[in-house]
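The structure under discussion appears below in the form of structure tokens.
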Amino acid sequence: MDSKQATRLSKFLSLHLRHRPAALGLILQEGGWVNVDGLLTACAAHGTPISLPQLNEIVEGNYKKRFAFDASGTRIRAQQGHSVEVDLQLAPAVPPAVLYHGTAPAALPAIRHEGLQKMGRHHVHLSPDAETARRVGARRGQPHILTVDAAAMHAAGLVFYESGNGVWLVDAVPPQYLGGL
Ligand code: HQG
């Protein structure tokens, strides 16, 4: 599979495992899981056949680890980024002292005012290093990098989760915890 096809199939899977499972006739199980067999059958039935080796390649080859199999390998889910109501059953975790968020300069006035909000997602997504944050922010043009005083937030009782792929998730980041505004 060439990288163009891998990207196309990965986007197709993201769309359905995060946002529109019903469009493939799928219902996400608790934790966001679907059966691999059912997923591949549904993809084929909807005009986008994906073989099991291709699926393995997408899951393993994706540098962001967007998708994960369960321990038995019979189920798959998106690790984060859902818009459908789903409980990913993530355990609260102690964050690194400092986390990073890459955003667009145009968003800064609103962020100064109300902090980071989850917008269309279930959580605010934070990166463990500035380089990753830069890549996330670059999706919207010239990125602006904010630092997040995660240690202080954690000490104040705000709850963090770590998705399976190294993204840190939190409900909101009030402006007083942001650096670089
Ligand atoms: C901004 C991709 C105005 C926020 C990436 C961001 C990441 C505000 C945008 C993952 C705001 C939301 C998440 C406020 C936040 N006022 N704008 N108060 N608070 N924003 O895409 O963090 O490809 O929902 O800065 O790589 O950019 O999906 O979040 O610019 O890991 O796997 O509102 O999405 O991963 O944008 O990206 P998003 P994000 P995937």
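Nothing in this text is a laboratory measurement; each read-out follows from the coordinates by a stated rule. Here the structure is a predicted model, which is why all the values come from computation and not from measurement. FYI the Cβ positions are ideal-geometry reconstructions off the backbone, even for glycines, and counts take in every protein chain you see.
Here are the numbers:
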quantity	calculated
Under-5 Å amide H pairs with residue 50, H placed in peptide plane, nonlocal only	44
Residue 140/residue 2 FRET efficiency (R0 30 Å; Cβ-Cβ; nearest 0.05)	0.65
Fully extended contour minus Cα-Cα distance, from residue 181 to residue 156, at 0.36 nm per residue	6.9 nm
Residues with amide H under 5 Å from that of residue 67, placed H, sequence gap 5 or more	79
Sites residue 129 and residue 23, calculated FRET efficiency, Cβ-Cβ separation with R0 45 Å, nearest 0.05	0.80
Shape of region 98-179, Cα gyration tensor, a/c cut at 1.5	oblate
Loop-exposed trypsin sites (Lys or Arg not before Pro) per DSSP, neighbour cap 15 Cβ within 10 angstrom, longest uninterrupted part of the chain	1-63
Contact order normalised by residue count of region 98-179, Cα under 8 Å, 6+ apart, percent	42 percent
Gained length - residue 84 relative to residue 117, 0.36 nm times residue gap less alpha-carbon distance	10.1 nm
For 94, 124, order by how many other beta-carbon atoms lie within 10 Å, fewest first	94, 124
Relative contact order of region 4-57, pairs being alpha-carbon contacts under 8 Å that are 6 or more residues apart, as %	23 percent
Choice from 126, 108, 28 showing the highest fluctuation, given a GNM over the chain with Cα pairs closer than 10 Å	108
Share of pairwise Cα separations in the chain, more than 21 Å, in percent	53 percent
